[in-house]
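Presented below is the structure to which this report refers.
The values are calculated or read from the model by the stated rules, or taken from the named source; none is laboratory data. Nothing here was measured: the structure is a model prediction, and the numbers come from that model. All Cβ positions, even for glycine, are placed from backbone atoms using ideal geometry, and neighbour counts span all protein chains on display.
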Amino acid sequence: MADSTSALALDKPRSPRRPAARRNNFELYSWVFMRISGLALVVLVLGHLFIMNILDGGVHRINFAFVAGRWSSPFWQFWDLSMLWLAQLHGGNGLRTIIDDYARKDNTRFWLKMLLYVAMAVILVLGTLVVFTFDPDIPAS
Amino acid sequence: MTAVAESTVHDTSQIPAPEGSLTVTVKIQRFNPEIDDEPHWESYDVPALPTDRVLNLLMNIKNYVDGTLSFRRSCAHGICGSDAMQINGINRLACKVLVKDLLAKKGKQTTITVAPIKGLPTMKDLYVDMEPFFEAYRAVKPYLIAYGNEPTRERIQSAADRERFDDTTKCILCACCTSSCPVYWADGSYFGPAAIVNAHRFIFDSRDEGAEERLDILNDAEGVWRCRTTFNCTDACPRGIQVTKAIQEVKRALLFKRV
């Protein structure tokens, strides 16, 4: 039954089966990034939720003028931009880890990751574009 | 783990029942690769003393009921680390778990479930292929690396330096920790807690000069950064090693380039 595979395994029993270490710090940096971005997001997201949902009547006062007013200030532009980038990269890296854990085939893993990276790129580019090029004077028509 | 009807009632009358013994049900995950397509559960009602170890029950089943029951066991005293298995869902050494700690509440029938450790291929019954486990162990170079001339006398080490890695010297390579790790279950290429513990034992040894090599290996994609600190390994360790702490210490050494 298992004879054919065990015969192969005995071929070179002590030969290393792992590829040599890649000697880069990507996993280390992504680990550190998750911690730091997580801390920053606690402040950014909770602050965002507080302003949007609780302060001054909360969600009922949000309209086009409200958003336009906020984005006229570089501070809120920076706030929203950093929230966008940190949340995307933080969530994207988390999903990358989950895909690495749970995908069973290399093929599945590759395509799921590609889907993830494309989705991240689209949202990041689109969001950044809106934050920087937002024009409050849209013609009414 | 589908509920398959336990077909046969096993005749366990041959097992000697000493005075003071009670009957417990031992539910074992059986798998014979020559007959079965997949593992199934079989139950044995066996006499047991509260002071018996789970290993005694397995030995009785093997000796008196079904000689084909396969499991590893060597010293039977918690030293060799052969008989790691899932007992009531938790990785334990069968020779270190006493029946009295598994007894059900008064009047209820005690059932002890025994399954092979997860994450390693089951070859027969409770017997798994340990090769992937030892492959990861060998990959971290678990031996003293020292350069330069051989010293003419003993390599001296202070008590404090010895204390630094004392916890991780206790490892008996039973695979309880590695096979309790969800990351290891999901993708077998992760080094696993046991390999990291044994790397830790040499990384933090003041006599050893191979720390950088080992840290490089553990800094890789399959290394310590895959640890999610679920603490399953620390809970599983029959030697009480603070496994998760050891992994975090390796992470810290990598982070601050300091051993």
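The sole residue among B:I196, B:I203 that is in contact with a helix residue (DSSP H, G or I) (Cβ under 8 Å, 6 or more places away or on another chain), over 27 Å from B:D83 (Cα atoms) and crowded, with 22+ Cβ neighbours inside 10 Å is B:I203. Does A:W85 satisfy the criteria of being more than 14 Å from chain B (Cβ to nearest Cβ) and either part of a loop (DSSP other than H, G, I, E, B) or free of Cβ contacts under 8 Å to residues at least 12 places away in the same chain (or both)? Here the answer is no, as A:W85 does not meet what is asked.
Which residue is surrounded by the most Cβ atoms within 10 Å (Cβ to Cβ), if the candidates are limited to segment B:126-139 and must be in contact with a Gly (Cβ under 9 Å, 6 or more places away or on another chain) and outside any strand (DSSP E or B)?
Our first condition is that a residue be in contact with a Gly (Cβ under 9 Å, 6 or more places away or on another chain); within segment B:126-139, this holds for B:128, B:132-133, B:136-137.
Still in the list and also outside any strand (DSSP E or B): B:132-133, B:136-137.
Working: B:P132: 19, B:F133: 22, B:A136: 25, B:Y137: 23.
Looking at residues that are in contact with a Gly (Cβ under 9 Å, 6 or more places away or on another chain) and outside any strand (DSSP E or B), I get B:A136.
Which of the following residues is of a type outside the set (S, T, Y) and within 14 Å of chain A (Cβ to nearest Cβ): B:E131, B:E163, B:E150, B:E154?
Working: B:E163 fails: within 14 Å of chain A (Cβ to nearest Cβ); B:E150 fails: within 14 Å of chain A (Cβ to nearest Cβ); B:E154 fails: within 14 Å of chain A (Cβ to nearest Cβ).
Exactly one of B:E131, B:E163, B:E150, B:E154 is of a type outside the set (S, T, Y) and within 14 Å of chain A (Cβ to nearest Cβ), namely B:E131.
Residues of segment B:89-110 that are polar (S, T, N, Q) and at pLDDT 95 or above: B:N91 alone. Look at segment A:114-141: where a residue is surrounded by fewer than 12 Cβ atoms within 10 Å (Cβ to Cβ) and a partner is in a helix (DSSP H, G or I) and modelled with pLDDT under 90, sitting 6+ places away or on another chain with Cβ atoms under 6 Å, you get A:P136/A:A68.
Tell me whether segment B:174-191 contains one or more residues that are more than 12 Å from every other protein chain (Cβ to nearest Cβ) and aliphatic (A, V, I, L, M). Yes: segment B:174-191 contains one or more residues that are more than 12 Å from every other protein chain (Cβ to nearest Cβ) and aliphatic (A, V, I, L, M). Filtered by the rule that a residue be within 14 Å of another protein chain (Cβ to nearest Cβ), surrounded by fewer than 22 Cβ atoms within 10 Å (Cβ to Cβ) and not polar (S, T, N, Q), segment B:226-237 gives a lone residue, B:R228.
Being more than 18 Å from B:I172 (Cβ to Cβ) and either in contact (Cβ under 8 Å) with a residue 12 or more places away in the chain or surrounded by 15 or more Cβ atoms within 10 Å (Cβ to Cβ) (or both) is the filter here; which residues of segment B:93-115 pass it? Spell out the reasoning first.
So the first thing to find is which residues in segment B:93-115 are more than 18 Å from B:I172 (Cβ to Cβ), and the list is B:98-115.
B:L98, B:V99, B:K100, B:L102, B:L103, B:Q109, B:T110, B:T111, B:I112, B:T113, B:V114, B:A115, listed by residue number.
If you go through segment B:160-198 and keep only what is free of Cβ contacts under 8 Å to residues at least 40 places away in the same chain, of a type in the set (G, A, S) and in a loop (DSSP other than H, G, I, E, B), you end up with just B:S189. Only residues that are at pLDDT 95 or above and within 14 Å of the chain's Cα centre (by Cα) were counted across segment B:111-121, and they come to 4. Just give me the residues in segment A:33-46 being surrounded by 13 or more Cβ atoms within 10 Å (Cβ to Cβ) and either of a type outside the set (F, W, Y) or at positive phi (or both), in sequence order. Passing the criteria: A:M34, A:S37, A:A40, A:L41, A:L44, A:V45. With a requirement of 1 or more residues that are in contact with a strand residue (DSSP E or B) (Cβ under 9 Å, 6 or more places away or on another chain), the helices (runs of 4 or more DSSP H) lying completely within segment B:199-259 that satisfy it span B:232-236. Contact map, segment B:131-151: residues that are among the aromatic types (F, W, Y) paired with residues that are loosely packed, with under 15 Cβ neighbours inside 10 Å, Cβ distance under 6 Å, separation 6+ or inter-chain. Pairs shown: B:Y147/B:E209.
For segment A:96-112, check the following and say yes or no: at least one residue is of a type outside the set (A, V, I, L, M, F, W, C), farther than 28 Å from A:L39 by Cα and away from chain B (no Cβ under 14 Å). Checked segment A:96-112: at least one residue is of a type outside the set (A, V, I, L, M, F, W, C), farther than 28 Å from A:L39 by Cα and away from chain B (no Cβ under 14 Å).
Looking at segment B:42-61, is at least one residue in contact with a Phe, Trp or Tyr (Cβ under 9 Å, 6 or more places away or on another chain), surrounded by fewer than 17 Cβ atoms within 10 Å (Cβ to Cβ) and over 27 Å from B:C171 (Cβ atoms)? No: zero hits.
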